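All remarks here apply to the structure that follows.
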Amino acid sequence: MKSLPASILRNIIHPALALGLTLTAFAGGNGPVITTGPVERHPDIKIPRPDLVPLGFTATRKQEYDNQWHRAYSAKVTVANWGTAKSDHFACIFGFKVLATEDPVKYPVGSKGLCGFVSFTEGLEVTEIADESSTVSFSIPKGVTKIEIYLLVDRYLWGTDDDWENDTGAELTGNIVESNELNNVWGPKVYSFIPVPNTPPVVSW
């Protein structure tokens, strides 16, 4: 795990970041998906709490771990703690949404699901930005030709109505109580697969 010293971060990061805003420059892409709900689950921010904010991910194809149905990817994810307390260990979960498919029965257009994770076993200090990776972080069905990949930090999807695109904060829970539970989603990255052997996908944001 790599991180920047907190003393350096305090000098280079605008104070507004402590309120939950993030810099997309750390990881490219569209940045985190800031979702809104009627009421935050933990509005009392006077109590010291972490605030885990995903800054993005980079992925590398791992064909040696492919199977008959899925393409395997290793990913390096970047997360920041903009809160006022150190976090415990947490998980970064990958979710997907199908945009085009060759298998409409199993993976119809618009279908969603979870496809992998990366763990931060040591947690994050206040103002710390860190990377973590795993050998196989997520997989993409081979029957899908275009797909959105999202990164969810410290979130478990329990409900059927709430997900990373419709996040009220009511049914989405994690193991860490944060000062802001509504900025835990980053993405999407769009993978478009070309039907030519040994041709990498086109990745866009």
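The values are calculated or read from the model by the stated rules, or taken from the named source; none is laboratory data. This is a predicted model, so every value here is computed, not measured. Using ideal geometry, Cβ is built from the backbone for each residue, glycine included, and neighbour counts are taken over all protein chains shown. Protein only, heavy atoms only, side chains kept; ligands, DNA and RNA dropped before computing areas. Shrake-Rupley method; radii C 1.70, N 1.55, O 1.52, S 1.80 Å.
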request  = Could you please find all residues in region 147-175 being at pLDDT 90 or above, open to solvent by less than 10 Å² (accessible area, probe 1.4 Å) and under 16 Å from residue 54 (Cβ atoms)?
outcome  = 149, 151, 152, 153, 154
key: Output for region 114-130, where each listed residue is open to solvent by less than 40 Å² (accessible area, probe 1.4 Å) and either in contact with a strand residue (DSSP E or B) (Cβ under 6 Å, 6 or more places away or on another chain) or hydrophobic (A, V, I, L, M, F, W, C) (or both)   = 115, 116, 118, 120, 124, 128, 129, 130
query = What number goes with the only condition from (1) assigned to a strand (DSSP E or B); (2) under 18 Å from the mean Cα position of the chain (by Cα) that residue 145 does not pass?
reply = (2)
request  = Could you please find all residues in region 67-106 being at pLDDT 95 or above and among the polar types (S, T, N, Q)?
outcome  = 74, 78, 81, 84, 87, 101
inquiry  = Looking at 134, 87, can you tell me which residue is open to solvent by less than 50 Å² (accessible area, probe 1.4 Å), part of a loop (DSSP other than H, G, I, E, B) and closer than 17 Å to residue 152 by Cβ?
reply    = 87
ask   = So which residues in region 123-179 are among the charged types (D, E, K, R) and without any contact (Cβ under 8 Å) to a residue 12 or more places away in the chain?
value = 161, 162
message = Step by step: first the residues of region 176-205, then only those that are of a type in the set (A, V, I, L, M, F, W, C) and assigned to a loop (DSSP other than H, G, I, E, B), then the one that is most open to solvent (accessible area, probe 1.4 Å). Which residue is that?
response = 205
